[in-house]
Amino acid sequence: MMYLILMAVIFNMQIALNPGPWRAINDGVMGGVSSGRMVQSEDGLRFEGELSLENNGGFASVRRVIDQDLSAANRVRLQIRGDGRKYQFRLRQDGAFDGIAWRAEFSTTGDWQAVELAFSEFIPVFRGRRVPAAGPVVPASIRQVGFMLADKTAGPFALDIRSIELL
């Protein structure tokens with residue numbers, strides 16, 4: 001059985017890989033027609049879909065709520081295999097649908113890779129625009145994690161995910 005691991009220095013939590021807790025939020029919320037979803041795959045989870053630039057669209061995303069105490073965390077480690085595109089890993093410090101997110105970008109190669117992102121690399125954004133006044137990530141306040149594709153390139157995409165570790 002494969003596991004999605006969300007872990008902090010003090011707390012370890014394993015969740016059977018299940019796309020159920022992941023919620024898709026795509027550019028349809030503003031008139032676009034991109035599609036994105038989290039599905040189960042033989043390797044774990046897969047964030048997949050099709051990015052469209054029609055109707056001023058251009059993003060697909062998935063996220064899930066977490067309720068662990070992450071106050072001791074300072075980075076995230078991903079075991080991923082992408083399609084050569086640049087993705088974002090995103091953190092949110094509330095459970096709201098809309099609002100500020102902290103994003104860090106990573107490039108994929110087509111092979112399995114470990115990507116480590118320090119919280120200091122995350123940039124606060126709101127609808128794609130930087131919000132410097134939001135300050136840095138506050139680990140104890142993290143309530144959502146997610147992935148987004150917004151690389152301005154139309155077409156199908158797929159990101160396989162073996163694990164997410166908050167360290």
How many residues does region 32-46 contain that are touching a Gly at 6+ places or on another chain (Cβ under 7 Å) and more than 12 Å from PRO156 (Cβ to Cβ)? 3
Taking region 151-167 as the search range and keeping residues that are closer than 21 Å to ASP111 by Cα and of a type in the set (A, V, I, L, M, F, W, C), which one is surrounded by the fewest Cβ atoms within 10 Å (Cβ to Cβ)? ALA158
Just to be sure I understand, how many residues within region 55-89 are touching a helix residue (DSSP H, G or I) at 6+ places or on another chain (Cβ under 9 Å) and acidic (Asp, Glu)? 1
Among the listed residues VAL115, VAL125, which satisfies the condition of being of a type in the set (A, V, I, L, M) and within 19 Å of SER34 (Cβ to Cβ)? VAL125
Mind telling me which of the residues GLY84, GLY49 ends up being over 16 Å from the mean Cα position of the chain (by Cα) and closer than 13 Å to LEU149 by Cβ? GLY84
In region 116-167, how many residues are of a type in the set (Ser, Thr, Tyr) and touching a Pro at 6+ places or on another chain (Cβ under 9 Å)? 1
Taking the condition surrounded by fewer than 17 Cβ atoms within 10 Å (Cβ to Cβ), under 14 Å from VAL145 (Cα atoms) and touching a residue at least 60 places away in the same chain (Cβ under 8 Å), does ARG63 pass? no
In region 89-98, is there at least one residue being loosely packed, with under 15 Cβ neighbours inside 10 Å and either touching a Gly at 6+ places or on another chain (Cβ under 7 Å) or in contact (Cβ under 8 Å) with a residue 60 or more places away in the chain (or both)? yes
Would you kindly identify the strands (runs of 3 or more DSSP E) lying entirely within region 63-146 that contain at least 2 residues that are touching a strand residue (DSSP E or B) at 6+ places or on another chain (Cβ under 6 Å), modelled with pLDDT of 95 or more and farther than 24 Å from ASP160 by Cα? 123-126
Please verify whether SER35 is over 25 Å from VAL138 (Cα atoms), surrounded by 15 or more Cβ atoms within 10 Å (Cβ to Cβ), small (Gly, Ala, Ser) and at pLDDT 90 or above, treating the condition exactly as stated. yes
Output yes when any residue across region 128-137 is in contact with a Ser or Thr (Cβ under 9 Å, 6 or more places away or on another chain) and not aromatic (Phe, Trp, Tyr), and no when none is. yes
Subset of region 147-157 (residues that are in a strand (DSSP E or B) and under 13 Å from the mean Cα position of the chain (by Cα)): PHE147, MET148, LEU149
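The values are calculated or read from the model by the stated rules, or taken from the named source; none is laboratory data. What you see is a predicted model, and the numbers here were worked out from it, not measured in a lab. Don't worry about glycine lacking a Cβ; one is built from the backbone with ideal geometry, like all the others, and counts go over all protein chains shown.
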